[in-house]
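Student: Take this structure first; my questions come after.
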Amino acid sequence: MHVPKCYQIFQEEACDLNKTIDVLVKDIGATFSTKILLPNDLGVDIIAFGHPCEVPGVRGAYVIEARKIVLCDYQWCRKTLIHELMHAASSFSNISQLLELNNKKYEIIEGLTELLTGYVLFTKYKDCYENWLESRYPICSMSYRRYVKLFGTITQVLIPIRDLIRIYVYNPNANWFEEYYNFLNCYNLDLLLIKRCNTKNFYELIEKSALNIIRRNLGREGEKNFKELLYEAPLSEVLNYSTMLK
C-alpha cells in the first residue's frame, strides 16, 4: 500500500492511542474555538476483519449505541481518527432526539463532518490537508466529496463556518433546537432537512434551496459566484478555509 510519509509518522505517534486522541481533541477545539466533549466511556477498537471493515473503502466508523470508534487496521490515518472523533463529539450522536438524522440523513451529517475535518487539517496539519484535498492516497482521501464541495461553497458565499460548528458540536449547556431555529431564521436554509425525513434527493434539495436564497439575497452576482464555485472551481478554491466566511 502506497502511503505518504506523514502517515508513517502518524502511525508511530499513534502507538499511544489515548495520548494521540487527547492531542487531536485539543486541535479540534482550538480550530473551532469551542470545547470538545467526548463520551466518558468512549472506546476505540482497531480491527482487521468484521463490520464496518469488510465494506470496500471504509476506514473507520463511530458506533453511537456502543459509544465506540472502530478503526480498520492498516487503513486509517489522522484524517480518519479526526473524522470519527468529530462524530463522537457531535450533537447528532449525543442528543437522543437527533439520532434519526444519523440514520436517515447520514450523507448530510457525513458531509458536514468531512468539511469540518478538513478545517482541522487545514489549520493544524498542512501535509494531511494537501493529501486529503487532492486525494493523493486512498488511505487519506476525501469522503462524501460532492457534499463537502456543496457545503464548502455555501460557507464561501452565505453561511459562516462558525455557525455550522455551532449546530454541529455538542454543547450540553445549549438547547440545540433553539440554536437550529435561530440558524433557520438567520439564513432560511434548512441544511438538515429536518421536516423531510422521507425524501431521498437531499443533495438536490439543499443545492436548489441555497441557490434560491443566494439569488434572492445576493442578486445575480451572488448567484454567479455560487454557481462558479460549485460547478466549475477546483476543490482547492472551494475548500480554501482562509477565504470562507468566519
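Student: Which of the GluC sites (Glu not before Pro) found in the stretch 24-103 are loop residues per DSSP with 11 or fewer other Cβ atoms within 10 Å of their Cβ?
Tutor: Those satisfying the criteria are 54, 65.
Student: At q = 0.23 Å⁻¹, what log₁₀ I(q)/I(0) does the stretch 86-142 have when each alpha carbon counts as one equal point scatterer in the Debye sum?
Tutor: Calculated log10 I(q)/I(0) at the listed q: -0.87.
Student: How far apart, in nm, are two points set 7 Å out from the Cα along the Cα-to-Cβ line at residue 100 and at residue 18?
Tutor: 3.9
Student: What number do you get for the chain when its Cα radius of gyration is normalised by 2.2 N^0.38 Å, N = residues?
Tutor: In units of the globular-protein estimate, the chain measures up at 0.99.
Student: Nearest 500 deg cm²/dmol is fine: what mean residue ellipticity at 222 nm does the chain get from its DSSP H runs of n ≥ 4 alone, each adding -39,500 (n - 2.57), divided by its residue count?
Tutor: -17000 deg cm²/dmol
Student: Give the cross-link partners of residue 246 among the aspartates and glutamates, using a straight C-alpha distance below 15 Å as the criterion and excluding same-chain residues fewer than 8 apart.
Tutor: 163
Student: Ranking request for peptides 110-118, 180-188: highest mean number of other beta-carbon atoms within 10 Å first, then the rest in descending order.
Tutor: Most protected by this proxy first, the peptides run 110-118, 180-188.
Student: Roughly how many Å is it from the Cα centre of the stretch 83-122 to that of the stretch 208-232, as a whole number?
Tutor: Each part reduced to its Cα centre gives a spacing of 26 Å.
Student: Can you list which of the DSSP-assigned H helices in the chain have a Cα extent of 24 Å or more along the long axis and an average Kyte-Doolittle score of at least -0.5?
Tutor: Span-like helices here: 106-124.
Student: Rg(Cα) of the stretch 126-166 divided by 2.2 N^0.38 Å?
Tutor: Compactness ratio reported: 1.32.
Student: Determine, for 32, 177, the number of other Cβ atoms within 10 Å of each Cβ, and report the residues in order from fewest to most.
Tutor: Least crowded to most crowded, the residues run 177, 32.
Student: Among the trypsin sites (Lys or Arg not before Pro) in the stretch 80-153, which ones are in a DSSP loop with at most 14 other Cβ atoms within 10 Å of the Cβ? Mind listing them?
Tutor: Counting only loop positions with at most 14 other Cβ atoms within 10 Å, the trypsin sites (Lys or Arg not before Pro) in the stretch 80-153 are 136.
Student: Can I ask one more? Return the single residue from 97, 156, 75 with maximal mean-square fluctuation; model: Gaussian network over the chain, springs between Cα atoms under 10 Å.
Tutor: Looking only at 97, 156, 75, the largest GNM fluctuation is found for 97.
Student: Count the lysine pairs in the stretch 78-138 whose Cα atoms lie under 25 Å apart, taking only pairs 8 or more positions apart in sequence or on different chains.
Tutor: The number of close lysine pairs in the stretch 78-138 is 4.
Student: Once each part is reduced to its C-alpha centroid, what is the distance from the stretch 29-62 to the stretch 130-190 in angstrom?
Tutor: So the two Cα centres are separated by 18 Å.
Student: FRET efficiency for residue 177 and residue 45, Cβ-Cβ distance as r, R0 = 41 Å, nearest 0.05?
Tutor: In this case the efficiency is close to 0.80.
Student: Then there is this: Cut-off is 10 Å between beta-carbons; in what order do 38, 81 appear when sorted fewest neighbours first?
Tutor: 38, 81
Student: Relative contact order for the chain: what percent, with Cα pairs under 8 Å and sequence separation of 6 or more?
Tutor: The normalised contact order for the chain reaches 18 percent.
Student: Find the Cα radius of gyration of the stretch 1-141, compare it with 2.2 N^0.38 Å by division, and give the number to two decimals.
Tutor: Here the Cα radius of gyration is 0.99 times the empirical estimate.
Student: What's the extension gain from residue 205 to residue 37 if we count 0.36 nm per residue and subtract their Cα-Cα distance?
Tutor: Once the chain is fully extended between residue 205 and residue 37, it gains 57.3 nm.
Student: Can you pull a Stokes-Einstein diffusion coefficient for the stretch 23-65 at 10 °C (1.306 mPa s), Rh from Kirkwood over Cα pairs, as a whole number of µm²/s?
Tutor: It comes out at roughly 125 µm²/s.
Bear in mind these aren't lab numbers, they're just calculated from the coordinates by the rules spelled out. If you're wondering where the values come from, they're calculated on a predicted model, not measured in any experiment. All Cβ positions, even for glycine, are placed from backbone atoms using ideal geometry, and neighbour counts span all protein chains on display.
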